[in-house]
Amino acid sequence: MKRKGIVLGVVMSLLLALCGCGSGKNKEGIGSQQAASSKDYVYKVESPDIKGWADGTYSNVLKAGDVMYVYGYNWNGDNGESMEICFAALGSDGSTGQEHRIALGEDGGLNSILCDEQGFLYGIKVLYGRDSNEDGEFQDQYYFIKVSDQGEEIFSIFLNELPEVKEASSDSWFYVGNMMSFGDSLIIRIVDQYFLFDRDGNFQRILKGDEEKPLSNVNLVPLSDGKLACFSYEEDGCYTGFVDPDTGSISEFTKLPGYSYDFTAYAGIGYDLYLVNSYGVFGYDIGAENVIQLMNYVDSDLGVYEIYNLLPINEKEFWGTFADMETSQTSLGHFTKVDPKDVKERETIVLACTGVNWDIRTDIVKFNKSNEKYRISIQDYSSLYGSDTDYKAGINRLNADIVSGKVPDILILNNEMPISSYVSKGLFEDLKPYIEKDPELKIEDYMPNIIEAFSVNGKLYQLVPYFTISTILAKTSDVGPERGWTIQDVNDLMASKPEGTQFLSYADRNTMLIQCMSLAGSQFIDWSSGKCNFDSDGFTELLEFLKQFPEEVDDAMYDDEYWQNYDSMWRDGRVVAQIYSASNFRDFNYVSKGTFGESVTMIGFPSSNEDGSAIIANLQMVMSAKSAHKEGAWEFLRYYLSDGYQKEIQYGFPLSVKYIDAMADKATRRPTYEDEEGNEVETDDYIYIDGMEVKLEPMSLAEAGRFKEDLYSFTQVYNYDENLIQIVQEETAAFFGGQKNAKDVANIVQSRAQIYVNENR
């Protein structure tokens with residue numbers, strides 16, 4: 001089964017055939033992705049159910065001239081002991097010819113499959129671990145093979161023993177990479193060099209490049225117009241260029257614009273390259289200033305992670321393999337551009353973000369498919385305006401747009417936005433009236449403290465469908481059952497412990513400072529009133545506390561003894577507390593009964609107001625107060641409060657009280673799994689402490705009740721304010737370095753922080 005995973009990873013490589021021609025030299029684009037939704041980016045996909053062996057489905061397509069094939073992989077035997085490649089000719093109407101097979105045996109694989117116009121197929125056949133090298137180590141065997149369209153083997157060349165290959169790989173770990181078709185030659189990447197063979201399998205030469213830019217660090221891409229290109233992942237982004245097929249020298253080596261690391265390059269038609277990422281398909285001419293969006297997944301109602309093995313047919317049509325995000329099924333798709341005039345007219349709701357997770361992408365696609373009046377378009381500012389060298393370009397542009405009044409209909413918030421400032425400026429819509437008027441929703445069905453925490457003056461501006469709690473844990477026997485403590489409480493506890501006892505496991509000073517400002521920053525700053533009190537005794541006391549921690553943790557501490565006894569350090573009391581993110585009942589039970597070995601308290605970070613725990617919004621969504629599509633925006637947002645969404649939350653606590661209760665109830669029962677016959681079977685949770693297995697009992701009803709009661713008590717919102725933290729870091733360095741006293745530093749921090757707050761309210 002391990003070999004099966006290796007083979008499937010290898011066979012995903014597919015060469016693009018040479019076909020068509022064209023030029024897109026004069027087209028214009030915007031950054032790495034054109035803004036907003038457009039009818040110009042819509043494609044339809046058909047996934048023909050092309051059945052093969054024993055109703056198996058072909059998953060890849062090949063093309064050379066007018067010749068096309070489909071192929072897939074079949075595992076034989078009861079336990080999938082051996083693999084074979086199954087292939088058949090593909091007609092223009094989707095019909096298939098006679099099926100043929102290439103057997104690969106138990107430890108065999110075939111990658112880089114391609115075809116020519118005469119109907120011959122080529123590939124690199126791999127036999128894993130079949131041979132020993134001169135050092136007695138196992139070495140995979142690689143064969144360059146050619147077969148007819150009837151499956152008859154024309155030749156099989158053992159690459160390991162080819163003299164030119166042995167010479168080139170004498171000082172390197174031996175492997176064979178991709179094979180590609182270029183003119184009358186076949187190029188095979190062996191170790192870090194490109195070997196050229198003719199179509200009869202005869203070695204021709206090695207394409208090396210020059211000393212300044214060798215080809216060992218680039219991927220070659222044969223283009224549709226007969227030229228040879230390269231694609232290279234460099235330190236500051238991805239570069240493309242043309243490669244001289246005679247000398248291997250690279251010309252017009254140009255960095256791709258915008259954020260380029262997630263691009264995969266294929267030969268294009270109408271453009272030199274088709275670039276594919278998680279948002280869509282783009283055209284690019286080497287040396288041009290912009291990439292041009294051709295297809296947008298969301299605009300095309302496609303919930304896909306990415307399109308793989310893209311094979312162009314013409315400027316408006318291509319084949320590719322894709323995995324559906326909703327079903328996780330991988331399919332072979334035939335993609336065709338939809339004429340913009342045939343795209344149904346609907347009101348567009350713009351959702352802006354700086355990176356959108358896959359679940360929301362899937363939700364948007366489902367909404368767009370089912371709604372006749374509205375459709376949602378994603379504006380991901382990180383993709384639109386980010387770059388390989390400036391990861392903040394996207395968020396900076398989004399914040400600038402919002403300040404200038406360009407607020408999208410729906411916005412996904414993050415910690416790098418001055419949220420309080422935006423709320424105070426009246427940019428967001430109060431969502432509470434929408435919930436109260438919704439016939440299927442009731443405000444009292446949701447966690448009241450979470451609703452209150454994200455409300456301002458009784459108005460709910462942020463929708464937080466699920467959350468976690470960031471806190472610090474300690475044994476209840478050490479700190480008592482009540483949440484919250486002061487620095488003096490910590491100092492008193494540590495003074496009562498044996499010498500060498502640690503508060504946290506090898507925490508450095510900066511980590512502690514960040515934890516304090518994020519979990520307990522409200523003791524020094526009140527955003528609602530705009531007042532700071534860093535010049536208080538509480539802050540100077542904090543500075544003295546932080547000074548106890550090392551500036552850097554000595555890596556020498558992490559020796560074998562440390563790791564051998566790591567699991568038991570909290571149980572044995574060598575470490576008092578642990579930074580912890582509470583995300584569900586069962587995990588808390590695991591940490592309490594497993595890691596600590598007894599009841600624990602979510603005590604929080606020590607603070608003067610004794611409230612050093614915070615609510616982390618796993619998702620924060622707002623509606624623009626000036627949106628022209630509020631009704632449609634609410635249609636989308638309300639889904640995140642529905643039973644359909646709330647009941648599926650696994651990591652994090654649902655906002656719904658009903659499903660909090662359901663999570664608590666589940667934690668009081670033993671975990672289950674489904675056996676081979678579909679029966680639900682109970683099992684147990686275990687933890688390993690220094691190599692010893694410890695069984696964990698489920699939560700008791702009382703334990704689950706106490707934990708649930710605690711969840712209702714949190715009111716402070718986690719606030720990682722990078723700018724404020726930077727102010728504190730910069731000014732406190734003089735105190736930690738011994739140049740200034742705590743009081744003087746506190747006064748400087750107070751002055752700078754107050755200016756910052758005044759400017760951002």
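The values are calculated or read from the model by the stated rules, or taken from the named source; none is laboratory data. This structure is a prediction, so every number in the text was calculated from the model and none was measured. Don't worry about glycine lacking a Cβ; one is built from the backbone with ideal geometry, like all the others, and counts go over all protein chains shown. All accessible areas refer to the heavy atoms of the entire protein, side chains included, with ligands and DNA or RNA removed. Shrake-Rupley method; radii C 1.70, N 1.55, O 1.52, S 1.80 Å.
Would you mind listing the strands (runs of 3 or more DSSP E) fully within the range 277-320 where at least 2 residues are open to solvent by less than 20 Å² (accessible area, probe 1.4 Å) and farther than 15 Å from Val42 by Cβ?
280-284, 304-314
Consider Thr715 carefully, then state whether it is of a type in the set (S, T, N, Q), free of Cβ contacts under 8 Å to residues at least 40 places away in the same chain and surrounded by fewer than 16 Cβ atoms within 10 Å (Cβ to Cβ).
no
How about the range 593-630: which of its residues are acidic (Asp, Glu) and closer than 30 Å to Leu411 by Cα?
Of everything in the range 593-630, just one residue is acidic (Asp, Glu) and closer than 30 Å to Leu411 by Cα, namely Asp611.
Within the range 733-761, can you find the residues that are more than 35 Å from the chain's Cα centre (by Cα), open to solvent by less than 50 Å² (accessible area, probe 1.4 Å) and in contact (Cβ under 8 Å) with a residue 60 or more places away in the chain?
Phe735, Phe736, Ala742, Val745, Ala746, Val749, Gln750, Gln754
Looking at (1) over 24 Å from Gln329 (Cβ atoms); (2) at pLDDT below 85; (3) open to solvent by 20 Å² or more (accessible area, probe 1.4 Å), which is the one condition that is false for Gly108?
(3)
Search the range 417-434 for residues that are touching a residue at least 12 places away in the same chain (Cβ under 8 Å) and pair each with any residue that is of a type in the set (D, E, K, R) and open to solvent by 30 Å² or more (accessible area, probe 1.4 Å) when their beta-carbon atoms are under 6 Å apart and the residues are at least 6 apart or on different chains.
Here the result reads Ser421/Arg761; Ser424/Arg761; Asp430/Lys459, each pair linking the range 417-434 to a residue that is of a type in the set (D, E, K, R) and open to solvent by 30 Å² or more (accessible area, probe 1.4 Å).
Restricting attention to the range 671-700, report how many residues are of a type in the set (Phe, Trp, Tyr) and farther than 30 Å from Tyr562 by Cα.
Final tally of qualifying residues: 1.
Exactly one of (1) in contact (Cβ under 8 Å) with a residue 40 or more places away in the chain; (2) more than 30 Å from Pro48 (Cα to Cα); (3) hydroxyl-bearing (Ser, Thr, Tyr) is unmet by Ser181. Its number?
The number of the failed condition is (2).
Select from the range 332-387 the residues that are among the aromatic types (Phe, Trp, Tyr) and open to solvent by 30 Å² or more (accessible area, probe 1.4 Å) and list them in ascending order.
Trp358, Tyr385
Can you give me the number of residues within the range 254-268 that are assigned to a loop (DSSP other than H, G, I, E, B) and either open to solvent by less than 10 Å² (accessible area, probe 1.4 Å) or among the hydroxyl-bearing types (Ser, Thr, Tyr) (or both)?
So the answer is 6.
Checking the conditions here, which among Phe197, Phe231, Phe263, Phe253 is out of contact with any helix residue (DSSP H, G or I) (no Cβ under 9 Å at 6 or more places or on another chain), over 30 Å from Leu384 (Cα atoms) and either touching a residue at least 24 places away in the same chain (Cβ under 8 Å) or among the acidic types (Asp, Glu) (or both)?
After applying the criteria, what remains is Phe197.
From Leu159, Leu186, which residue is of a type in the set (A, V, I, L, M), touching a residue at least 60 places away in the same chain (Cβ under 8 Å) and out of contact with any Gly (no Cβ under 6 Å at 6 or more places or on another chain)?
One residue alone meets the criteria, Leu186.
Identify, from the list Phe203, Phe138, the residue that is open to solvent by 30 Å² or more (accessible area, probe 1.4 Å), more than 17 Å from Ile113 (Cα to Cα) and more than 37 Å from the chain's Cα centre (by Cα).
Of Phe203, Phe138, the one residue that is open to solvent by 30 Å² or more (accessible area, probe 1.4 Å), more than 17 Å from Ile113 (Cα to Cα) and more than 37 Å from the chain's Cα centre (by Cα) is Phe203.
So Phe545 fits all but one of (1) in contact with a Lys or Arg (Cβ under 8 Å, 6 or more places away or on another chain); (2) assigned to a helix (DSSP H, G or I); what number is the exception?
It is condition (1) that Phe545 fails.
What's the number of the condition Gly237 fails, among (1) more than 28 Å from Glu167 (Cβ to Cβ); (2) without any contact (Cβ under 8 Å) to a residue 60 or more places away in the chain?
For Gly237, the exception is condition (2).
Working only within the range 508-523, note down all residues that are in a loop (DSSP other than H, G, I, E, B) and without any contact (Cβ under 8 Å) to a residue 60 or more places away in the chain.
Selection gives Asp508 alone.
Restricting to the range 441-462, name every residue that is more than 21 Å from Met663 (Cα to Cα) and either in contact with a strand residue (DSSP E or B) (Cβ under 6 Å, 6 or more places away or on another chain) or in contact (Cβ under 8 Å) with a residue 40 or more places away in the chain (or both).
Once the filter is applied, which keeps residues that are more than 21 Å from Met663 (Cα to Cα) and either in contact with a strand residue (DSSP E or B) (Cβ under 6 Å, 6 or more places away or on another chain) or in contact (Cβ under 8 Å) with a residue 40 or more places away in the chain (or both), the range 441-462 yields Glu452, Ala453, Phe454, Val456, Tyr461, Gln462.
Test each condition in (1) outside any loop (DSSP other than H, G, I, E, B); (2) open to solvent by less than 30 Å² (accessible area, probe 1.4 Å) for Glu167 and report the one that comes out false.
Failed condition: (2).
Of everything in the range 282-291 that's touching a Leu at 6+ places or on another chain (Cβ under 8 Å) and free of Cβ contacts under 8 Å to residues at least 60 places away in the same chain, which residue is farthest from Ser383 (Cα to Cα)?
This residue is Ile286.
Confirm whether Leu215 is within 30 Å of Thr389 (Cβ to Cβ), buried (at least 18 other Cβ atoms within 10 Å of the Cβ) and in contact (Cβ under 8 Å) with a residue 40 or more places away in the chain.
Taking the combined requirement at face value, the residue does not satisfy it.
Any residue in the range 92-117 that is more than 19 Å from Ile145 (Cβ to Cβ) sitting within a Cβ distance under 6 Å of a residue that is open to solvent by 30 Å² or more (accessible area, probe 1.4 Å)? List the pairs, counting only those 6 or more apart or interchain.
Close Cβ pairs (under 6 Å, with a partner that is open to solvent by 30 Å² or more (accessible area, probe 1.4 Å)) amount to Gly94/Pro48; Gly97/Ala89.
Pick from the range 371-403 the residues that are of a type in the set (Phe, Trp, Tyr) and at pLDDT below 90: which of them is farthest from the chain's Cα centre (by Cα)?
Here the answer is Tyr385.
Output the residue which, of all residues in the range 82-105 that are charged (D, E, K, R) and part of a strand (DSSP E or B), is surrounded by the most Cβ atoms within 10 Å (Cβ to Cβ).
Glu84
Tell me yes or no: at least one residue of the range 401-417 is open to solvent by 50 Å² or more (accessible area, probe 1.4 Å) and of a type in the set (Gly, Ala, Ser).
yes
Hey, Glu436 hits all of (1) open to solvent by 30 Å² or more (accessible area, probe 1.4 Å); (2) more than 30 Å from Asp710 (Cβ to Cβ); (3) assigned to a helix (DSSP H, G or I) but one; which does it fall short on?
(2)
Within 30 Å of Glu234 (Cα to Cα) and β-branched (Val, Ile, Thr), is that true of Ile435?
So Ile435 does not fit the description; no.
Here is a list: Thr471, Thr476. Which entry is polar (S, T, N, Q), open to solvent by less than 40 Å² (accessible area, probe 1.4 Å), over 36 Å from the mean Cα position of the chain (by Cα) and under 30 Å from Leu655 (Cβ atoms)?
Thr476
Among the residues of the range 627-656 satisfying the criterion of being in contact with a strand residue (DSSP E or B) (Cβ under 7 Å, 6 or more places away or on another chain) and among the hydroxyl-bearing types (Ser, Thr, Tyr), which is surrounded by the fewest Cβ atoms within 10 Å (Cβ to Cβ)?
Only one residue tops the list, namely Tyr640.
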